[in-house]
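Reading through the C-alpha cells given below for one structure.
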Amino acid sequence: MKFRLIYFSFIFSILFCSGFGLLAQDISIELGPDRIALNEAFTITVKVEGETLKSYDKFPDISGLVKRGTSSSSSTNIFNGQVTRSQSITQTYVPEKEGIINIPPFNINVNGKVISSPGKKVEVGSAKQQNQNRRYDPFGSDPFEDFFGRRDEPEEFVNLKEEAFFALTTDKDEVYIGEGVNTTLAFYVSNENRAPLQFHDLTNQLTDILRKVRPNNVWEENFNIENIKAEPVNIGGKRYSVYKIFQATFSPLGEQDIVFPKVGLEMIKYQVAKSRSFFGQNRKETFKTFYSKPKTVKVKPLPDHPLKDQVSVGNYELSENINSTELNTGESFQYEFEIRGIGNISGIAEPQVNNQKNLEIYSPDVSENIRRSGVSVRGSKAFRYYMIPKEPGEYDLSDYFQYIFFNTSSNKYDTLKSDYRIKVSGESMANVNIEQASSDGLFYDRIDEVSNQLQSHQTTEIWKWVFNIFLIVAFSLSLFILLKKS
C-alpha cells in the first residue's frame, strides 16, 4: 500500500504543477517492434499532439500481415506548467507465417498533412506459450500497470445509439425542362447525439457516390464545397447540425425524370469504454454506413409555343444601359442589354435583334457572371452592342431588341423589351453618300471621259538605260582620279 502511494504522489506531483501552457503541434507515425512471435500482434500508431485528430487515411496493406481492427486513445498531461494533449489511432496486424516481413515506406494523410514513414523489416518467430495463470508479483511487476489497470484485462465498450442520418434533398419535386433543381448531399447529426462520429476517406467516398448520383442529360452548376462545416437546422422541432458534402443545381435537357438512387456514406463510429479511465483507452473505432433514400424529380415539358425548343427557362429581368439617347446621324453609341436572375445563366442565348438599314447594329460583346450561393444559381449575362443611326428621327429600341423566355415564377412565357427611346438629328446618311459621290464623280459617270487607248512603257525603259550609263561613267572617272593621285 505504501509503495502505491509513493508512485501515486510522484505522478500527481508531475501533473499538477503551477501554470499552464500548450506545447507545439506534432504528428508522428510509430511502428511496432522489430521482432514478434507468430501469435503476437504488430501495430502502426498515428499519434497527434497539440491538436485534435480530425481525419486520417486508411493504414497501409502489408504483405504477410493481416489487419485486425483499430483502436484509439487520448490523454492530457501537465508537466512544468505545460499542457500536452495527445490522441492516437492504432492499427493492429497479425502475421500469417514465420519469416521476415518487409514493411515498405508509406504515407498517411493526417489532418490534411502528409506524414511519411520509412518502413522497416520485422522478424516473425515461432509462437510463444501463453501463461494463463499469471500471478501478481508486487516487486517484479510494473507498479504503473498495477495501479492504473492490468494490460491483459479486456476493456468493456458500449455501443451508443447514434442520432444521425445521411440524406439527399432537393428544393423541388418537379421541374420544367431547363429549370434548375438544387440538390444537396449532407450528413445530419442531432444536438442530442452522444455517439462519437467522424468522417473518413471522404474524397474517395464522394467520388464513388457522385458517380452513382449524377444524372444524365442535365446541365450541372456545382457549388464546389471546399470546407465542410456545421450549419444549424431545425427539423420537426429538433435541432441538428448539418454537414453539406455536395451541392449542385441540375437543369434537365430533356423530358426524362431525374432519378437519384440510394447511396451510402461510411462513418467512423466510436464505441465508448464502460469504465472511463484518465490514462486508459476510452473508445474503440468501428465503422457504420449511413444510407440516403432514393428520390425522383419529375420533369415536365414546356407549354406549346413556337420557340419552346429554343427559349431559356428561369426567373429573369432586364437591366439595360445606354451612353446617350440624343445624337446625330453617323454618330456611334453603345447599348447594353443585360439579363439577370435565377436560372441556367450559361445557357442564355443572344436576344432577338431586328437589324434594319436605318440603324446599323454590330455583333455584341458578351460577358457573364454566375454566383452559386444559398440554394440557387443566380447571375447575369450582358450583351453590349455598338450601333450607328443612319437616318434622323426617333427610335424605340423595343422594336429592335427582345428576349423571350419561360418564366418559372409565373409558369408562362415572358418577353424582355427595352424601355429606351433615342432621338437622332442631322441629315440622312443616304444624302451624304450621294453628295460625296457627286463631288468625287463615280467611276461609271466618268468612264466615257477617260481614254481607253493602251500606252507604251518604252519611254520608261529608255530612262533606265540612261541612268545606268551615267553611273558607269561616274564610277570610271572616280577610279581614274584616284589612280592619278597615287
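The values are calculated or read from the model by the stated rules, or taken from the named source; none is laboratory data. Given the structure is predicted, the values throughout are model-derived calculations rather than measurements. A quick note on method: Cβ atoms are made from the backbone with ideal geometry, for glycine too, and the neighbour counts reach across all protein chains shown. Accessible surface areas use protein heavy atoms only, side chains included; no ligands, DNA or RNA. Shrake-Rupley method; radii C 1.70, N 1.55, O 1.52, S 1.80 Å.
Restricting attention to region 361-370, the residues being exposed (fewer than 12 other Cβ atoms within 10 Å of the Cβ) and among the hydrophobic types (A, V, I, L, M, F, W, C) number 1. Can you give me the number of residues within region 320-340 that are surrounded by fewer than 16 Cβ atoms within 10 Å (Cβ to Cβ), of a type outside the set (Ser, Thr, Tyr) and under 9 Å from Met387 (Cα atoms)? Number of matching residues: 2.
Of all residues in region 343-360, those being farther than 26 Å from Asn222 by Cα and open to solvent by less than 20 Å² (accessible area, probe 1.4 Å) number 2.
Out of all the residues in region 229-251, which are exposed (fewer than 15 other Cβ atoms within 10 Å of the Cβ) and under 17 Å from Gln198 (Cβ atoms)?
Residues satisfying the conditions are Lys229, Ala230.
Within the span defined as region 156-165, every residue fails to be at pLDDT 90 or above, buried (at least 17 other Cβ atoms within 10 Å of the Cβ) and under 23 Å from Gln91 (Cβ atoms). Within region 333-372, the set of residues being in contact (Cβ under 8 Å) with a residue 60 or more places away in the chain and among the polar types (S, T, N, Q) comprises Asn344, Ser346. If the condition is being open to solvent by 40 Å² or more (accessible area, probe 1.4 Å) and touching a residue at least 24 places away in the same chain (Cβ under 8 Å), then region 201-213 contributes Asp201, Lys212. Annotation note: Cβ proximity below 8 Å between a residue of region 90-114 that is of a type in the set (Phe, Trp, Tyr) and a residue that is exposed (fewer than 14 other Cβ atoms within 10 Å of the Cβ) (sequence gap 6+ or interchain) occurs for Tyr93/Val66; Tyr93/Arg68; Phe106/Ser116. Inclusion of Tyr413 among residues that are at pLDDT 95 or above and among the hydroxyl-bearing types (Ser, Thr, Tyr) is warranted.
Selection within region 45-71: residues that are more than 31 Å from the chain's Cα centre (by Cα) and either at positive phi or among the small types (Gly, Ala, Ser) (or both). The member of this set that is most open to solvent (accessible area, probe 1.4 Å) is Ser63.
Applying the criterion of at least 3 residues that are under 25 Å from Gly178 (Cβ atoms) to the strands (runs of 3 or more DSSP E) found wholly in region 288-403 leaves 295-300, 312-322, 333-343, 365-373, 376-389. Screening region 214-228 for residues that are modelled with pLDDT under 90 and assigned to a loop (DSSP other than H, G, I, E, B) and picking the one that is least open to solvent (accessible area, probe 1.4 Å) gives Phe223.
In region 109-128, of all residues being more than 31 Å from the chain's Cα centre (by Cα) and among the hydrophobic types (A, V, I, L, M, F, W, C), the one that is nearest to Gly99 (Cα to Cα) corresponds to Val124.
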